[in-house]
Amino acid sequence: MRKVSEVRLDEDNFVYTVCDDSGIKIYNLDPLAEIGRLETGSTVSACNVSRSNILSFVSGGERPKFSQNTLVIYDAEKDSLVMDFTFGEPVLKTLLTKDTAIALLKTMCYAYSVPDGRLLVEAPTRKNSFKPIHFRSNRLAIGGHKQGSVHIYDIGTMRERKSSSPPVQIYAHQGEIAIVRLNSSGSKLATASDKGTLIRVWDTSTKQRLIEFRRGADPAQIYSIAFSKDSAFLAATGDKGTLHLFALKDKVLNKTSAFARAGRVAMIPTQYTDSLWALATGPIPEETESHVCFMSQNRIAVVAVDGTVHLFQFSTDGALNRVEVRNANDLDIHDDNW
């Protein structure tokens, strides 16, 4: 079996990319189907622009075709290089939209205007094995240079004014930032730390903490977080084999601790008794990296690194049912993709 280095889920276009030691594959979520393939050699990160033929990728691993110090923008239909950016150290992750290319390095993040290649942001970040980064609605969220902090850059303003501006700084957690996720408008940010017990949601303009959800009492690694399109719900996956669904708009739908319902208990810390817990949970593979998105107002998809895709339906009364499981490894292989 080929070694998977990255799975990237496009929550706006319901496709996902898989990077492995042979190259890049692109899949449609529902119905599950392989829709593109590139033999780029071993690849550590890739991003496809809205189901188009344009991708960014970073080579690495045992059989790379390019240096890992280079971010490549590629036209798969023409089988040609569009542009590239080379750095003095390896690129760890890439993001790409129709007008912005982003490269995350060990302690720096660079954002470029596409197609002119103009540098928009040169932002310091903290050395962090989780590589927290997200870009949506012209807002770039990355781990700050201080532990537990997040910096948010307004790329749209920088593009228009052709000048830099300081980021919004949010001190989100005491530990290392494990994941950052913006909603569709960029007005809200969800964060989790390496402890993985709490998910916090912030206003990206005022820096105010809007709500705090408790995933659980024991530490865990949170792999992914997603907002529903209207930001009424939040979903998260982690290494405990559970999909968590939280209500962000109607907070009373979430569950509370049994101790909170029984009244204050002296031996139980208030952070447990006052927490909001998931309104519903569902089963996903344990200790397997997974990524979640909302397919519609009441449908959720989870893509796991082992090739499985899990489709769920939910209702606000707390029902979350897994309705289908498929495996991309069982699909027919088409050599004529692109």
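Every number here is computed from the coordinates shown, using simple stated rules; none is lab data. This structure is a prediction, so every number in the text was calculated from the model and none was measured. Please note: Cβ atoms are built from the backbone with ideal geometry, for glycine as well, and neighbour counts cover all protein chains shown.
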>> If you average the alpha carbon positions of segment 211-253 and of segment 60-121, how far apart do those two centres end up, in angstrom?
In response: 31
> HN-Hα J couplings of segment 38-44 from phi, Karplus 6.51/-1.76/1.60, θ = phi - 60°, integer Hz, Gly and Pro as x?
Replying inline: 10, 8, 9, x, 4, 10, 9
> Using a basic spin-label model with each label point 7 Å from the Cα along Cα→Cβ, how many nm lie between S22 and D317?
Replying inline: 4.7
> So what is the relative contact order of the chain, in percent, for Cα pairs below 8 Å that sit 6 or more residues apart?
Replying inline: 10
> Given only helices, namely DSSP H runs of n ≥ 4 each adding -39500 (n - 2.57), what is the per-residue ellipticity at 222 nm of the chain, to the nearest 500 deg cm²/dmol?
Replying inline: -1000 deg cm²/dmol
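Quick check on segment 138-201: what are the equivalent-ellipsoid semi-axes from the Cα gyration tensor, as sqrt(5λ), descending, whole Å?
Details: eigenvalues 111, 33, 9 Å².
Here the semi-axes work out to 24, 13, 7 Å.
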> Tell me, what does the Kirkwood hydrodynamic radius of segment 1-124 come to in angstroms if you use every pair of distinct C-alpha atoms?
Replying inline: 14.4
>> Applying a 10 Å radius around every beta-carbon, put 158-164, 2-8 in order of their mean neighbour count, most first.
In response: 2-8, 158-164
>> Just to compare against my own numbers: the Cα pair-distance distribution for the chain, 10 Å bins, whole % per bin, please.
In response: 5, 25, 35, 24, 8, 2, 0
>> Taking 8 Å as the Cα distance limit and 6 or more residues as the minimum spacing, I'd like the relative contact order of segment 116-271 as a percentage.
In response: 14
> So which lysines can K25 reach, going by Cα to Cα under 25 Å and dropping same-chain residues fewer than 8 places off?
Replying inline: K3, K65, K78, K93, K98, K131
> For K255, which lysines qualify as cross-link partners when the Cα separation must be under 20 Å and same-chain residues fewer than eight apart are set aside?
Replying inline: K240
